[in-house]
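The values are calculated or read from the model by the stated rules, or taken from the named source; none is laboratory data. Just so it is clear, the structure is predicted and the values come from calculations on it, not from any experiment. Neighbour counts are summed over all protein chains in view; Cβ atoms, including those assigned to glycine, are modelled from backbone coordinates with ideal geometry. Remember, those area values only see protein heavy atoms, side chains included, never the ligands or the DNA or RNA. Shrake-Rupley method; radii C 1.70, N 1.55, O 1.52, S 1.80 Å.
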Amino acid sequence: GEKREYTPFELAKGFRELRITIFRTFKDFLLISIGIVSASFGLKGFLLPSSFIDGGATGISLLISEVTKTPLYLLLVLVNIPFVFLGYKIISRQFAIKTAIAIAGLAVCVATINFPEVTHDKLLVAAFGGFFLGAGIGLSVRGGAVIDGTEVLAIYLSRKLGTTIGDVIVFINIIIFSTAAYFINIETALYAMITYLAASKTLDFIIEGIEEYTAVTIISSHSEEIREMIINKM
C-alpha cells in the first residue's frame, strides 16, 4: 500500500521502453497493412480475373472458390482458422492475435476494394500475381504475422517429423497443384507453379534481403545446446 518513488533513471528507462514499444507496434501495423494491400492487389488484380491459383492456404482458398464458387474472402478466413489456433499453440498468443487480425484484414480488403485488372497475359498474371502475393506475405511476416497459415503447419510438422520446413511446404503444394490439375486443368496447375515460385522468391527476398545466407559463430562451452535450441525451438 505504500507509494513508491521512482528515480529519474527508472523513469527515463521506462519512458524509453514505452517509446520503443509504441514504435515497434506502429511499424508492425504498417508492415502488415501494406502486406494486406499488396496481397489483395495480387489476388484481385491478377490471379482472380484469370482463375489462377497459388500454393499454401491461399491456394487452397482459391481452388475451393474456383470449384464451388464460394466467395474467396469467406474461404480465406475459414481455411486459415485451424492454422491460427495451431499458431497459438506452438508459437505464441501475440502471434496468433496478429495473424487473426491480418487474415481478417485481407478478407475485408478482398471483399471491399475493387482493384483494376492489370493484364490477361497468362505468363504476366502468374509472375506478377505471385510477386505481389509473395510481397504481401513477406511484409506481414516482417510485421510479426502471417496471412498464409501453411507456414505454421509446416513448422509444426517439421518438428514432429524431423524434416525441414521447406520440405513440408513443397509436399503441401504438390497436393494442391495435383488437385488443381484434376479438378480444373493441367495448364492452370502449371501456371500455379510459376505463381508459387514467384511468390516464394519474393517472400525470401523481403525476409532475408539480398544475402544468400546468414552465418552465426557461437563460441561457448554450451555451443551444442545453443545450436539445438536455435534450430529446434527458435
Using a 1.4 Å probe, how large is the accessible area of residue 115, given in Å² and rounded to the nearest 10?
40 Å²
Where does the longest stretch of the chain lie that holds no GluC sites (Glu not before Pro) found in a DSSP loop with 15 or fewer other Cβ atoms within 10 Å?
6-116
Could you order 30, 157 by accessible surface area, starting with the largest, using a probe radius of 1.4 Å?
30, 157
Kirkwood Rh in Å, taken over the chain so that all alpha-carbon pairs contribute
19.3 Å
To the nearest 10 square angstrom, what accessible area does residue 121 show with a 1.4 Å probe?
80 Å²
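If you average the sequence gap of Cα pairs under 8 Å that are 6 or more apart and divide by the length of the chain, what percent do you get for the contact order?
Computed value for the chain: 28 percent relative contact order.
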Residue-count net charge about residue 92 - beta-carbon cut-off 13 Å; Lys, Arg +1, Asp, Glu -1
+4
Determine the shape class of the range 1-108: with a ≥ b ≥ c the square roots of the Cα gyration tensor eigenvalues, call it rounded for a/c under 1.5, and otherwise prolate if a/b is greater than b/c, oblate otherwise.
prolate
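Return the FRET efficiency for the residue pair residue 9, residue 97: r is the Cβ-Cβ distance, R0 is 45 Å, and the value is rounded to the nearest 0.05.
E between residue 9 and residue 97, to the nearest 0.05, is 0.85.
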Any lysines with Cα under 18 Å of the residue 69 Cα? List them, leaving off those in the same chain fewer than 8 positions away.
44
From the backbone phi of the range 117-132, what are the Karplus-calculated ³J(HN,Hα) couplings (6.51 cos²θ - 1.76 cosθ + 1.60, θ = phi - 60°) in whole Hz, Gly and Pro given as x?
7, 6, 7, 10, 5, 4, 5, 5, 4, 5, 6, 7, x, x, 4, 5
Hey, which aspartates and glutamates would be in cross-link range of residue 122, C-alpha to C-alpha under 12 Å, not counting anything within fewer than 8 residues on its own chain?
187
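Once fully extended, how much extra length lies between residue 208 and residue 187, figured as 0.36 nm per residue of separation less the alpha-carbon to alpha-carbon distance?
Values: separation 21, 0.36 × 21 = 7.56 nm, distance 3.16 nm.
Contour length minus the Cα-Cα distance gives 4.4 nm.
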Value of [θ]222 nm, deg cm²/dmol, for the chain, DSSP H segments ≥ 4, -39500 (n - 2.57) each, nearest 500
-25000 deg cm²/dmol
Please say if the range 98-201 is rounded, prolate or oblate, where rounded means a/c under 1.5 for a ≥ b ≥ c the square roots of the C-alpha gyration tensor eigenvalues, and otherwise the choice is prolate for a/b larger than b/c and oblate otherwise?
oblate
Can you tell me the accessible area per residue over the chain, all protein chains present, probe 1.4 angstrom, in square angstrom?
61 Å²
Through the Karplus equation 6.51 cos²θ - 1.76 cosθ + 1.60, θ set to phi - 60°, convert the phi angles of the range 167-179 into ³J(HN,Hα) values in whole Hz; use x for Gly and Pro.
4, 5, 5, 4, 4, 4, 6, 4, 5, 5, 5, 5, 5
Heavy-atom accessible area of the chain with neighbours in place, 1.4 angstrom probe: carbon+sulfur share in percent works out to 66 percent
Going residue by residue through the range 28-39, the Karplus relation 6.51 cos²θ - 1.76 cosθ + 1.60 with θ = phi - 60° gives ³J(HN,Hα) values, rounded to whole Hz and with x marking Gly or Pro, of 4, 4, 5, 5, 5, 5, 5, x, 4, 5, 5, 5
